[in-house]
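Working notes, structure below.
The values are calculated or read from the model by the stated rules, or taken from the named source; none is laboratory data. Bear in mind the structure is a predicted one, so any value in this text is a computation, not a measurement. Ideal geometry is used to build each Cβ from the backbone, glycine not excepted, and the neighbour counts take in all protein chains shown.
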Amino acid sequence: MHNHKINWKNAILAGVIGTFVFDLVGFLFTGQWWDIPTLLGAKTGLGLAYGVIGHFSNGILLAILYAGIAPSLWGPAWARTLLFVTAETVALVWLFMFPLLGAGIAGTKMGEMVPFISLLRHIAYGVPLYLLIHKYNAKNIV
């Protein structure tokens, strides 16, 4: 049995950078910076600061989860990352978060491009996960 340990430093860093890249891609498509944190803050009534903290905490949590389960997933590292972000987008965003926010399944009530853009943003989030969890160890990056 292979004993896999999470590189916490890389997982947390991947979550922070991945969330920033997610936001950058969102800005390129929507022209709006921090659209998700703004929405979270508004829906909870707790404001933008809470939205930003919640958004980045979620990104970090997902990266840690990925670092823990990546060795158990199928295929080469790039395919594992793509599988994870796609499954996470469909299950947690399209089928849970969007309907919870009143946007319909996959966010289609917000626009026909929303499912595509949300998946693309999550794939962009996955790039730092792939690089920091699979390609580089902590001594090489910091």
(message) Restricting to segment 27-47, give me the number of residues that are in a helix (DSSP H, G or I) and either out of contact with any Leu (no Cβ under 9 Å at 6 or more places or on another chain) or of a type in the set (Ser, Thr, Tyr) (or both).
(response) 8
(message) Cβ-Cβ distance below 7 Å, separation of 6 or more or different chains: which pairs start in segment 44-68 with a residue that is touching a residue at least 12 places away in the same chain (Cβ under 8 Å) and end on one that is polar (S, T, N, Q)?
(response) Leu48/Thr38; Gly51/Thr38; His55/Thr19; Phe56/Thr19; Gly59/Thr19; Ala67/Asn7
(message) Tell me whether segment 124-142 contains one or more residues that are among the basic types (Lys, Arg), in a helix (DSSP H, G or I), in contact (Cβ under 8 Å) with a residue 40 or more places away in the chain and within 17 Å of Leu24 (Cα to Cα).
(response) no
(message) Given (1) part of a helix (DSSP H, G or I); (2) touching a helix residue (DSSP H, G or I) at 6+ places or on another chain (Cβ under 7 Å), identify the lone condition not met by Ala103.
(response) (1)
(message) Of everything in segment 76-129, what is among the charged types (D, E, K, R) and surrounded by fewer than 20 Cβ atoms within 10 Å (Cβ to Cβ)? Give them in sequence order.
(response) Glu88, Lys109, Glu112
(message) Of the conditions (1) out of contact with any Ser or Thr (no Cβ under 8 Å at 6 or more places or on another chain); (2) outside any helix (DSSP H, G or I), Leu24 satisfies every one except a single condition; which number is it?
(response) (2)
(message) Looking only at segment 28-47, filter to residues that are exposed (fewer than 14 other Cβ atoms within 10 Å of the Cβ) and in contact with a Phe, Trp or Tyr (Cβ under 7 Å, 6 or more places away or on another chain); which one of those is modelled with the lowest pLDDT?
(response) Thr44
(request) Could you tell me whether Trp74 is without any contact (Cβ under 8 Å) to a residue 40 or more places away in the chain and either closer than 16 Å to Ile117 by Cα or in contact with a strand residue (DSSP E or B) (Cβ under 8 Å, 6 or more places away or on another chain) (or both)? (result) no
(request) Give segment 74-129 a look and list any residue that's closer than 13 Å to Leu62 by Cα and of a type in the set (Ser, Thr, Tyr), or say none. (result) Thr81, Thr86, Thr89, Tyr125
